[in-house]
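Here's the structure, in C-alpha cells; my notes come after.
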Amino acid sequence: MTSSVFVEKTITRVLASLLLTGFAVPDLVLAQASVSAAGHVPAYITAAMNDPARSANQVNDQHRQMAAVLAFTGVKPGDDVLELVPGTGYWTRVFSQIVRPGGHVYTVWPHVVWPNPQAAKRFAKSFAGWQKRVKRPHYNNVSLLQQPAAMLSAQKRVDIVFTDDNYHDYHNPCFGPVDIVQFDKRVYAALKPGGVFVIVDHRAPADSGTSDTNTLHRIDPAVVKQEVESVGFVFDGSSDALLNPKDPLTLRIFDEKIRGHTSQFIYRFRKPKG
C-alpha cells in the first residue's frame, strides 16, 4: 500500500469515528476528505474551480461534489466538451477554464415547451443570461448552440459530452418528442473515438424505468445504462460521490425535504476507439 493511500484510508476512518461520536467536523475538512476518497484531482481542475469569476458559485462546490465529478469525467486542457442544457452555467464556467488552451466548450440549449409558466420563465431567464455570458472575453472559448432536442448536433467531434440532471428530461413531452435511442446515437456520433458520455442524474427507485421522469424528475439508473449501451457505448464506470442513502427516491426533486440533496448517479460511457 502506498503512503498516500494509507493516509487517505486513515483520514477516512478517523473522520467516520468522529462523526459517529457526534464530534463537529469542519466543512473544509469534509470537503477535502471527499476529494481524497474520490481519487486524485488534477491541479488544473482546482485552479479552474478557484477562478475569481465564479466566486458566487463556490458555495455549492462541496455539496455538488464538483471536484470529484470533474475528475471522474477525465476532462483536461485541450479537450472539446459538449454540455447539454447548461442552465446557469455552473459547470460550463469551470469547463471553460480547464480546457484552455486550445479546447472549446459547446453548450446546447434545446427548444423546450414548458407546460408550467414559471418553469418557462426560469428557463428563458437562464437562456438570456447565458447569451450575454458567452459574449464576455473570459468565456471566449464557449459557444451557444440552440437546436431541437431531438436533433442534437455538434460543430465538430468532441472529447466529452456532459449532462447534469437533464438526461431524464429528454424523455419528457416538453423536450420532444425525442426518440431516445436516436438521441443517444447522435451523442455517439458527436464524440471522437475514445470519447466519453458522462451522465449525472437524480435516482429513481429500481425497476421504475422512465415512469418518474415527468413527475418526480428522476430516472432509474438501470434504464439509462440499457439505453446508452444499446447504441454502441461501453459502460466505463460509475461514481457514488453524489449518493445519498437518506433520499427515499419517491419525492419530487423540487420538494423542500430533499431539494439540493437528492441521491444522484454518475455514469461514464465510452465510445470504442475501433
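The values are calculated or read from the model by the stated rules, or taken from the named source; none is laboratory data. All values reported here derive from a predicted model rather than from experimental measurement. All Cβ positions, even for glycine, are placed from backbone atoms using ideal geometry, and neighbour counts span all protein chains on display.
From D159, D184, which residue is crowded, with 18+ Cβ neighbours inside 10 Å and assigned to a helix (DSSP H, G or I)?
Details: D159 fails: assigned to a helix (DSSP H, G or I).
On inspection, the qualifying residue turns out to be D184.
In the range 13-81, which helices (runs of 4 or more DSSP H) lie fully inside it and hold 3 or more residues that are more than 14 Å from R93 (Cα to Cα) and at pLDDT 95 or above?
Details: elements: 27-38, 43-49, 66-73.
Fully inside the range 13-81 and qualifying: 66-73.
I'm trying to understand the selection: among the residues of the range 75-108, which are under 18 Å from D201 (Cα atoms) and small (G, A, S)?
Selection gives G87, G89.
Using the structure shown, decide if S143 is assigned to a helix (DSSP H, G or I), out of contact with any Lys or Arg (no Cβ under 6 Å at 6 or more places or on another chain), among the hydroxyl-bearing types (S, T, Y) and surrounded by fewer than 19 Cβ atoms within 10 Å (Cβ to Cβ). Reasoning before the result, please.
Values: assigned to a helix (DSSP H, G or I): no; out of contact with any Lys or Arg (no Cβ under 6 Å at 6 or more places or on another chain): yes; among the hydroxyl-bearing types (S, T, Y): yes; surrounded by fewer than 19 Cβ atoms within 10 Å (Cβ to Cβ): yes.
Considered against the rule, which asks whether it is assigned to a helix (DSSP H, G or I), out of contact with any Lys or Arg (no Cβ under 6 Å at 6 or more places or on another chain), among the hydroxyl-bearing types (S, T, Y) and surrounded by fewer than 19 Cβ atoms within 10 Å (Cβ to Cβ), S143 comes out as no.
Taking K246 and the conditions (1) surrounded by fewer than 19 Cβ atoms within 10 Å (Cβ to Cβ); (2) modelled with pLDDT under 95, which numbered condition does it fall short on, given that it satisfies the others?
With respect to (1) surrounded by fewer than 19 Cβ atoms within 10 Å (Cβ to Cβ); (2) modelled with pLDDT under 95, K246 is out only on (2).
Which numbered condition trips up S208, out of (1) surrounded by 13 or more Cβ atoms within 10 Å (Cβ to Cβ); (2) farther than 19 Å from N172 by Cβ; (3) not aliphatic (A, V, I, L, M)?
Every listed condition holds for S208 apart from (2).
Among L242, L216, which is part of a loop (DSSP other than H, G, I, E, B), within 18 Å of R64 (Cβ to Cβ) and of a type in the set (A, V, I, L, M, F, W, C)? Before the answer, list the steps.
Working: L216 fails: within 18 Å of R64 (Cβ to Cβ).
Being part of a loop (DSSP other than H, G, I, E, B), within 18 Å of R64 (Cβ to Cβ) and of a type in the set (A, V, I, L, M, F, W, C) holds for just one of L242, L216, which is L242.
Determine whether the range 98-111 contains at least one residue that is within 18 Å of V81 (Cα to Cα) and either exposed (fewer than 13 other Cβ atoms within 10 Å of the Cβ) or free of Cβ contacts under 8 Å to residues at least 24 places away in the same chain (or both). Steps first, answer last, please.
From the range 98-111, those within 18 Å of V81 (Cα to Cα) are 98-110; that's our starting set.
Within this subset, residues satisfying the condition of being either exposed (fewer than 13 other Cβ atoms within 10 Å of the Cβ) or free of Cβ contacts under 8 Å to residues at least 24 places away in the same chain (or both) are 101-102.
Yes.
Please find, among P148, P137, the residue that is of a type outside the set (D, E, K, R) and exposed (fewer than 13 other Cβ atoms within 10 Å of the Cβ).
None of the other options fit; the residue is P137.
Filter the range 109-138 for residues that are in contact with a helix residue (DSSP H, G or I) (Cβ under 9 Å, 6 or more places away or on another chain), closer than 23 Å to T215 by Cα, at pLDDT 85 or above and not in a loop (DSSP other than H, G, I, E, B) and give the result.
W109, P110, H111
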